[in-house]
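Undergrad: This structure is in structure tokens; I'll ask about it shortly.
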């Protein structure tokens, strides 16, 4: 059971720790917690938060979260957060996965990817970068992870690399294209616009013309089960990913999405059973 991605600057980090601990107790230790800096300027404007300093806010909040998870107490006087809980008081509940659940960080820039590694987070990467770009980003992450203090490398997620991809499985490649082409182009065009800070554009290949053929060649996992298996194996071999995050826009309709997920479960997942395959995580 995963929460990813919580836009950390929009929340009190102590509340995030408290709520994550509570969910971990309720689920008997099944939570995985993902955080990120956010990419929608209008969310920050609506909640009265500064968008431009969001990465600074995340880095300050992470230090406070680690102190709360590890000590159950904290004293913090920073630029963005302040508070003290000391003496006879401590934060409850204690998560089942003490000192904390597996922690992941979403990253699309060298700064955020390096920070994730140096602080022992698992890494979550975006949907559109090519395999070559992902391989470079993962190399940055693993080099940074080697510098992480021993205490932070105890995070159960340390070393995990989750790559997000738009996934759609049909009986044939042609059927998958017929079901998805119009919708996926509209979806990606929206997320590359100014309303999201050009987020997908900032983490995808610069100058890439938005054509279905190009996306299918470089990033989309759309097609028959056999096509998906071959593409996923190639992606894993080239990048060293450990998990796949399945993404799909809502425009296909419930019946088609359900059928795609059924085909993925029945025909794709069995090809990646341990010990040879990447984990597959629905998102």
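Taken together, the values in this text are just the output of simple stated rules run on the coordinates, not laboratory data. Remember, it's a predicted structure, so these values are computed and weren't measured experimentally. We place every Cβ from the backbone using ideal geometry, glycine too, and count neighbours over all the protein chains shown.
Undergrad: For each of 263, 185, count neighbouring Cβ atoms within 10 Å of the residue's Cβ, then give the residues from fewest to most.
TA: The most exposed by this proxy come first: 185, 263.
Undergrad: Another question, if that's okay. Can you tell me how the chain classifies by the Cα gyration tensor, rounded, prolate or oblate, using a/c under 1.5 as the rounded cut? Working shown, then result.
TA: Working: a/c = 1.93, a/b = 1.62, b/c = 1.19.
Verdict is prolate for the chain.
Undergrad: Mind sorting 184, 140 by how few other Cβ atoms lie within 10 Å of their own Cβ, fewest first? Could the numbers behind the result be given before it?
TA: Working: 184 23, 140 17.
Least to most surrounded, the residues fall as 140, 184.
Undergrad: For the pair residue 266/residue 139, report the inter-label distance in nm, with labels modelled 7 Å from Cα in the Cβ direction.
TA: 4.2 nm
Undergrad: Taking the Cα atoms only, what angle lies between the long axis of helix 131-145 and the longest principal axis of the chain, rounded to 10 degrees?
TA: Around 20 degrees separate the two axes.
Undergrad: Can you say what percent of the DSSP beta bridges in the chain, counting only those with both residues inside, are antiparallel? Round to 5. Show your work: numbers first, answer last.
TA: Details: 4 of 29 bridges.
That works out to approximately 15 percent antiparallel.
Undergrad: By DSSP, what percent of the beta bridges with both residues in segment 2-162 are antiparallel, rounded to the nearest 5? Display every interim value, and only then the final one.
TA: Values: 4 of 16 bridges.
Roughly 25 percent of the DSSP beta bridges within segment 2-162 come out antiparallel.
Undergrad: Then there's this: Evaluate E = 1/(1 + (r/R0)^6) for residue 211 and residue 82, where r is the Cβ-Cβ distance and R0 equals 45 Å; express this FRET efficiency to the nearest 0.05.
TA: Values: r = 50 Å, r/R0 = 1.11.
That pair, residue 211 with residue 82, gives E of 0.35.
Undergrad: Also: Between 0 and 90 degrees, rounded to the nearest ten: what's the tilt of helix 54-71 against the longest Cα principal axis of the chain?
TA: 60 degrees
Undergrad: If one computes the Cα centroid of segment 20-37 and of segment 139-159, what distance in Å separates the two points?
TA: First find each Cα centre; the distance between them is then 20 Å.
Undergrad: Can you give me the three principal axis dimensions of segment 2-162 from its C-alpha atoms, in Å, biggest first?
TA: Per principal axis, max minus min of the Cα coordinates gives 52, 35, 28 Å.
Undergrad: So, one more: So what is the relative contact order of segment 2-162, in percent, for Cα pairs below 8 Å that sit 6 or more residues apart? Before the final figure, lay out each step's value.
TA: Working: 265 pairs, mean separation 35.8, N = 161.
It rounds to 22 percent for segment 2-162.
Undergrad: Please give the length that would be gained between residue 92 and residue 23 if that part of the chain were fully extended, namely 0.36 nm times their separation in residues minus their C-alpha to C-alpha distance (nm, one decimal). Please list the in-between numbers first.
TA: Working: separation 69, 0.36 × 69 = 24.84 nm, distance 1.19 nm.
In short, 23.6 nm is gained.
Undergrad: Run lengths n ≥ 4 of DSSP H only: what is the helix-derived mean residue ellipticity at 222 nm for the chain, with -39500 (n - 2.57) per run over all residues, to the nearest 500?
TA: Numbers: 10 runs with 118 residues, N = 283.
Result for the chain: -13000 deg cm²/dmol, rounded to the nearest 500.
Undergrad: Rank these for me by crowding, 121, 272, going from fewest to most other beta carbons within 10 Å.
TA: Working: 121 31, 272 16.
Final ranking by Cβ density, sparse to dense: 272, 121.
Undergrad: Shifting gears a bit: Mind checking the angle between helix 13-26 and the chain's longest principal axis? C-alpha axes, 0 to 90 degrees, to the nearest 10.
TA: Once rounded, one gets 70 degrees.
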